[in-house]
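Q: If you scroll down you'll find the structure; I have some questions about it.
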Amino acid sequence: MNETLQTISRRFSCRDYEGRLPEREKLEAIALAAVQSPSAMNRQPWQVLVITNKSLIEEMDAEGMRILAEAEDKSTYERFMERGGTLFYNAPCMYLILKKPGTDLDTGIVSENISLAASSLGLDNVICGMAAIPFNGSKGDEFKKKVGISDGWEFGMAVLVGYGKTKKDPHTPDISKIRYIE
């Protein structure tokens with residue numbers, strides 16, 4: 001099996017980080033892999049923000065957990081509490097993908113490139129749509145200003161990256177989902 005397929009097969013969603021920031025060269029290589037993603041008609045309708053400001057990540061985490069705690073349906077909040085009580089799992093780095101409206105598919109491709117690049121460099125990661133929560137809450141405009149989200153751009157996806165405290169096996173692929181039409 002080639003190196004790319006090995007990276008894909010061993011990747012897992014990490015939800016428990018040491019908090020130690022990865023080396024700058026690795027962060028830059030991942031950011032480059034992000035913007036090398038393909039896009040429809042090569043429009044590249046994204047911006048990639050590499051957030052390593054731990055206090056900002058923690059502030060967004062606390063706001064997201066507050067919002068979940070106040071929600072009528074407590075199931076999501078309870079799930080995060082069972083996983084350690086944080087939205088971002090003590091990750092030291094967040095790749096925040098901004099998008100132009102209507103470009104969800106391109107955002108998905110960018111997040112996958114980030115995830116696989118991080119895994120290939122020995123870093124653990126999780127694709128995190130829940131990072132939208134702080135940007136949509138009462139402090140949303142404040143967070144948008146802090147990270148530099150300007151008009152015409154919106155939250156697309158986030159990928160949390162760092163060194164995991166624990167390793168786990170990747171999910172078992174369900175090969176019954178594959179069909180060949182010949």
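Q: Explain nothing, just compute: Karplus ³J(HN,Hα) = 6.51 cos²θ - 1.76 cosθ + 1.60, θ = phi - 60°, for every residue of the range 96-103 in order, whole Hz, x for Gly and Pro.
A: Listing the rounded values in order: 9, 9, 9, 9, 7, x, x, 10 Hz.
Q: OK, next. ³J(HN,Hα) across the range 29-44 via Karplus (A = 6.51, B = -1.76, C = 1.60, θ = phi - 60°), whole Hz, x for Gly/Pro?
A: Along the range 29-44, the couplings run 5, 5, 4, 5, 4, 4, 7, 8, 5, x, 8, 4, 6, 6, 6, 6 Hz.
Q: Hey, another quick one. Which entries in 74/145; 99/144; 26/146; 54/146 show an alpha-carbon gap greater than 19 Å?
A: Working: 74/145 29 Å; 99/144 13 Å; 26/146 24 Å; 54/146 13 Å.
Table pairs above 19 Å Cα-Cα are 74/145; 26/146.
Q: Counting alpha carbon pairs within less than 8 Å and at least 6 residues apart, what relative contact order, in whole percent, applies to the chain?
A: On the way: 286 pairs, mean separation 64.2, N = 182.
For the chain, the relative contact order is 35 percent.
Q: Near the amide H of residue 128, under 5 Å away, which other amide H atoms are found, from residues 5 or more places off or on another chain, if H is placed in the peptide plane?
A: Here 158, 159, 160 satisfy the definition.
Q: Of the options 9, 126, 76, report the single residue whose Cα projects farthest towards the positive end of the charge dipole of the chain (beta-carbon charges: Lys, Arg +1; Asp, Glu -1).
A: Projecting each Cα onto the dipole axis, the largest value belongs to 9.
Q: Quick check: the distance between the Cα centres of the range 86-116 and the range 53-76, to the nearest angstrom?
A: A separation of 18 Å, based on Cα centres.
Q: Determine by what factor the alpha-carbon radius of gyration of the chain differs from 2.2 N^0.38 Å, reporting the quotient.
A: Against the compact-globule rule of thumb, the ratio is 1.05.
Q: On to the next question. Using only alpha-carbon positions, what ratio does the radius of gyration of the range 113-182 give when scaled by 2.2 N^0.38 Å? Write down the numbers at each step before the final one.
A: Values: Rg = 17.3 Å, N = 70, 2.2 N^0.38 = 11.1 Å.
After normalising by residue count via 2.2 N^0.38 Å, the value is 1.56.
Q: How large is the Rg to Rh ratio of the range 24-97 when both quantities use alpha carbon positions and Rh follows Kirkwood?
A: With Rh from the inverse mean 1/r over Cα pairs, Rg/Rh is 1.10.
Q: From the phi of every residue in the range 60-65, what ³J(HN,Hα) in whole Hz does the Karplus formula 6.51 cos²θ - 1.76 cosθ + 1.60 yield, where θ is phi - 60° and glycine or proline is x?
A: Running phi through 6.51 cos²θ - 1.76 cosθ + 1.60 with θ = phi - 60° gives 5, 4, 4, 5, x, 5 Hz.
Q: Sticking with this structure for a sec: To the nearest 0.05, what FRET efficiency results for residue 174 and residue 58 with a Förster distance of 35 Å applied to their C-beta separation?
A: Taking R0 as 35 Å, the efficiency between residue 174 and residue 58 is 0.45.
Each reported figure results from applying straightforward, stated rules to the coordinates on display, with no laboratory input. Note that the coordinates shown come from a computational prediction; the quantities given were computed from them, not determined experimentally. Positions of Cβ are backbone-derived with ideal geometry, glycine not excepted, and every protein chain shown enters the neighbour counts.
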